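Novice: Quick one: this structure, given as structure tokens, is what I'll be asking you about.
Derivation of every value follows stated rules applied to the coordinates shown; laboratory data play no part. Remember, predicted model here, so these are calculated numbers, not experimental data. Glycine also receives a Cβ, built like all others from the backbone with ideal geometry; neighbour counts cover every protein chain displayed.
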Amino acid sequence: MKRIPIVAGNWKMNKTAAEAVELVRALLPGLLAATGVECVLCPPFTSLAAVAAVLQDTPVGLGAQNMHWEEKGAYTGEVSAAMLSGVCQYVIIGHSERRQLFCETDETVNRKLRAAFAHGLIPIVCVGENLEQNEAGMTDEFVSYQVRAAFAGISQAEARRAVVAYEPVWAIGTGKAATAAGANAVIGLSVRGALSDLYGGGTADAIRVQYGGSVTPENAGEFSAQPDIDGALVGGASLKPDFVEIVRSARRQA
């Protein structure tokens, strides 16, 4: 099944609002030229409004890096889906850094996913194993469980709108990327396999699944060429003009 590739740039805790606008303006001509690829930029909360103004009337999407599952309340420092709705279209949920550093669990990922759908946001749901689990041969078991837990209670119609990002934790920011064939195998077996069990093969095939983990202009084409990989969730490389080359690689394979 042909799926429109989606390439998202996660800027993490980088760039002031002014710096973010400068980077978007530098990237925009190349991103606009890459037709047939859905591009999403995910700056910090403090830059969302400024970047939204630059992206207005363009097909480039805007995403937040996180959100709280509650509508409102005494949650100092948090941002709700209701606050993001109307500002951006996407939100990253369950990134490995959130799980590792901020104690996010499969339960909170699921609650965030429900809140995102309730407010019309498109979630980019992150799953992936660490090095110990990978070396112990537990990748399929662990990633499949994460997918099932994230989508528990989510309707088929909602699930079809989601994006899943397979990001092996051992490959994030280490310069050690998974092989393209290896990532494709995990996505096909563990991600789409779990989604198929939940919703059937048609829906599992329709959901776009990205690869994330030390994606560079040099290796992006290998990942994009794989049949079960629909683009990339890009970290540090999305902060450079070379990000456009990653998007172009996805376009060539579209």
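Novice: About the Cα centre of the chain, what is the dipole size in debye to 20, counting +1 per Lys and Arg Cβ and -1 per Asp and Glu Cβ, all else neutral?
Specialist: 580
Novice: Determine how many Å³ per residue the convex hull of the Cα atoms of the range 180-224 encloses.
Specialist: 67
Novice: Continuing with this model, one more query. Taking the Cα centroid of the range 169-196 and of the range 199-254, what is the distance between the two, rounded to the nearest whole Å?
Specialist: First find each Cα centre; the distance between them is then 12 Å.
Novice: Using a ≥ b ≥ c from the Cα gyration tensor of the range 126-254 (square roots of the eigenvalues), is it rounded, prolate or oblate, where a/c under 1.5 gives rounded and otherwise the larger of a/b and b/c decides, a/b for prolate?
Specialist: Oblate, because a/c is 1.5 or more while a/b does not exceed b/c.
Novice: Okay, next question. If one computes P(r) from the Cα atoms of the chain, what percent of pairs lie at distances over 27 Å?
Specialist: Numbers: 9605 of 32131 pairs.
In whole percent, the share of Cα-Cα pairs in the chain beyond 27 Å is 30.
Novice: Can you tell me the relative contact order of the chain? Whole percent, Cα pairs under 8 Å, sequence separation 6 or more.
Specialist: Working: 500 pairs, mean separation 56.7, N = 254.
Rounded, it is 22 percent for the chain.
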